[in-house]
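In what follows, a single structure is set out as structure tokens and then discussed.
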Amino acid sequence: MLFSFEILFLILNFNFNPMLENIPIENILFLDIETVPKYESFDHVPENEKEHWIRKAEHLRKTDQDNAETIYNRAGIYAEFGKIICISTGFFPKNSGDKQFRIKSFYGDDEKVLLSEFANLLNHYFCRPEHLLCGHNGKEFDFPYLSRRMLINGIKIPPLLDTAGKKPWEVQHLDTMELWKFGDYKNFTPLNLLANVFGIPSPKEDIDGSMVWFVYWKDKNLKRIVTYCQKDVVTVAQIFLKMKGDALITEEQINIV
């Protein structure tokens, strides 16, 4: 007779790991987000928030020279100290004949506006039980960051993002990094590395994630960040297609709305 934890293990693996080949790609919304520190520099942080970042920075220091001011560029990684400036989404429309990949981005300086628009997309077009969200490291970063910033901005979390009270196999999230691990939790595999492994063009040709804060706050070039974010979404979709055993999409099949 199986022990209770063995039964639970079988249930989790039966429900939570469906064969990728059985998942219709038109049910998946691929996404990527770009985040920056909430303020241009540490000097602009309100006094009541500075003390919280100072305490956080103590745990992030890598050298003796690091302090709350010098490492403030890392604040965008944390939902309590950062904000979202771009959400790029991509999906394969049903009945489009030749496979098409449609990209829609929500971006701007007003985080509440872009989050509201994204929530509207989820609430009206990706709201059924068969729908799934897919990102690279999405379960660890993108999905929880989106949910936290929505709560901070007073926006109700859409069902597809809301994991509260759900059993693991009820969460409608896919993660290409988790799929690549095959149960191995020792390593983090960056998106551009996995793209290279599969022979997919790198999305980091212009900028990478570490440069986003500078391009936004110093260069004031949001459009450049949006283009970078959209390339990431295409790459996530391409990697998923590779894992699924499907043909990759071509540039001609990509439509930016």
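The values are calculated or read from the model by the stated rules, or taken from the named source; none is laboratory data. These numbers come from a predicted model, not from an experiment. Neighbour counts run over all protein chains shown; Cβ positions are idealised from the backbone, glycine included.
Tabulated results
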item	result
Filter result for Asp219 (within 29 Å of Pro24 (Cβ to Cβ) and modelled with pLDDT of 90 or more)	no
Those helices (runs of 4 or more DSSP H) lying entirely in the range 184-257 with at least 3 residues out of contact with any His (no Cβ under 9 Å at 6 or more places or on another chain), among the hydrophobic types (A, V, I, L, M, F, W, C) and within 17 Å of Lys104 (Cβ to Cβ)	222-244
Unmet requirement for His131, which otherwise passes all of (1) more than 30 Å from Phe42 (Cβ to Cβ); (2) out of contact with any Leu (no Cβ under 8 Å at 6 or more places or on another chain); (3) of a type outside the set (A, V, I, L, M, F, W, C)	(2)
Leu174 vs. criteria out of contact with any Gly (no Cβ under 7 Å at 6 or more places or on another chain), closer than 18 Å to Val233 by Cβ, part of a loop (DSSP other than H, G, I, E, B) and modelled with pLDDT of 95 or more	no
Which listed residue, of Thr235, Thr189, is modelled with pLDDT of 95 or more and under 19 Å from the mean Cα position of the chain (by Cα)	Thr235
Test result for Ser116, of a type in the set (Gly, Ala, Ser), outside any loop (DSSP other than H, G, I, E, B) and within 26 Å of Trp180 (Cα to Cα)	no
Subset of the range 161-176 [touching a residue at least 60 places away in the same chain (Cβ under 8 Å) and in contact with a His (Cβ under 9 Å, 6 or more places away or on another chain)]	Thr176
Filter pass, Gln238 being surrounded by 12 or more Cβ atoms within 10 Å (Cβ to Cβ) and touching a Phe, Trp or Tyr at 6+ places or on another chain (Cβ under 9 Å)	yes
Cβ-Cβ under 7 Å pairs, at least 6 apart or on other chains, the range 139-155 side polar (S, T, N, Q), far side part of a helix (DSSP H, G or I)	Asn153/Glu111; Asn153/Lys112; Asn153/Leu115
Top-ranked residue in the range 192-232 [being under 16 Å from the mean Cα position of the chain (by Cα) and of a type in the set (Val, Ile, Thr); ranked as surrounded by the most Cβ atoms within 10 Å (Cβ to Cβ)]	Ile225
Whichever residue in the range 132-169 is among the basic types (Lys, Arg) and either modelled with pLDDT of 95 or more or in a helix (DSSP H, G or I) (or both) and, among such residues, is nearest to Leu122 (Cα to Cα)	Lys156
Of all residues making up the range 88-107, the number that are touching a residue at least 12 places away in the same chain (Cβ under 8 Å) and either among the hydroxyl-bearing types (Ser, Thr, Tyr) or more than 20 Å from Lys223 (Cα to Cα) (or both)	12
Filter result for the condition that a residue is of a type in the set (Lys, Arg) and over 19 Å from Cys134 (Cα atoms), over Lys167, Lys186, Lys242	Lys186
